[in-house]
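Novice: Sharing a structure with you now.
The values are calculated or read from the model by the stated rules, or taken from the named source; none is laboratory data. Since the structure is predicted, the reported quantities are computational estimates derived from the model, not experimental observations. So basically every Cβ, Gly included, is an ideal-geometry build from the backbone, and we count neighbours across all protein chains shown. SASA here: full protein model, heavy atoms, side chains in, ligands and nucleic acids out. Shrake-Rupley method; radii C 1.70, N 1.55, O 1.52, S 1.80 Å.
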Amino acid sequence: MEQLRELVARHGDCAQKPVRFRPGTWRSRLEPLGAEHVLDIGVKAESRPSGDRLISRGDLARLRDRVGDDDPGGLRDLFVAVMIWGSGTTNGRGPRYTEAALRDPRLPTVLRTTRETVRSGDLSRAYRQFVIKGVGRSFFTKWFAAVDDRDATCDRALILDDRVFRSLNALGWSSWQAAGTRHWPTRYATYVSSMHGWAASLGVRADCLEWLLFHLNGRVEEQ
């Protein structure tokens, strides 16, 4: 906790910026599947002549709020937007993995059931349910965070990608030791509850703490 307190104090003004993406690298993967309209999300990156756009977490939340309870097309669009946001311009495999997921016949059911499960608060079960080609923990926990529209007083889903995990390990926190098992769904749920507990003690939002750990990428002593 003391290490986290020092990091929060040192980086209190660290805010997550919109992610830049290049529609041209995605279009050929999305057009054959009728999903290219998602590339209009966000705003144009004015300083980039290549046609780059910027997508923020707020854009994902606004798209999520427009998705009805019985709207498979809307869920699919939100999933694509999450994959774009999570990939940016640094993950060159993002478009290929997104195409693979869109071609997986299980996708509509998985998106619907995991959204329902996340909103019910059973994050361990949602983790077990998400089995789709090309989408691992780093990205499906982004999906969990995007679809979780529960009240802020709940332990809402958080992202657990490799950068966040690297920072947790650098701070000496072990998910399997905290959870008492190597079972990944339980470890994820333990991570989320732990992060919310730490954030409450530090007087910050859990998603801000998550972003800080992502930003540090394991370099907790260098910043």
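Novice: Where in segment 104-223 are there helices (runs of 4 or more DSSP H), lying wholly inside it, with at least 3 residues that are open to solvent by 70 Å² or more (accessible area, probe 1.4 Å), closer than 26 Å to Lys17 by Cβ and without any contact (Cβ under 8 Å) to a residue 60 or more places away in the chain? Step through it out loud before you land on a result.
Specialist: Details: elements: 107-120, 123-129, 137-147, 162-170, 175-179, 184-202, 206-216.
Helices (runs of 4 or more DSSP H) meeting the threshold: 162-170.
Novice: From the list Asp40, Asp71, Asp59, Asp65, which residue is within 20 Å of Asp148 (Cα to Cα) and over 18 Å from the mean Cα position of the chain (by Cα)?
Specialist: On the way: Asp40 fails: within 20 Å of Asp148 (Cα to Cα); Asp59 fails: over 18 Å from the mean Cα position of the chain (by Cα); Asp65 fails: over 18 Å from the mean Cα position of the chain (by Cα).
Unique residue meeting the criteria: Asp71.
Novice: Kindly list the number of the only condition in (1) farther than 27 Å from Cys154 by Cβ; (2) in contact with a strand residue (DSSP E or B) (Cβ under 9 Å, 6 or more places away or on another chain); (3) outside any helix (DSSP H, G or I) that fails for Thr98.
Specialist: (3)
Novice: Among the numbered criteria (1) more than 17 Å from Phe130 (Cβ to Cβ); (2) out of contact with any Asp or Glu (no Cβ under 6 Å at 6 or more places or on another chain), which one does Met83 miss?
Specialist: Result: Met83 passes all but (1).
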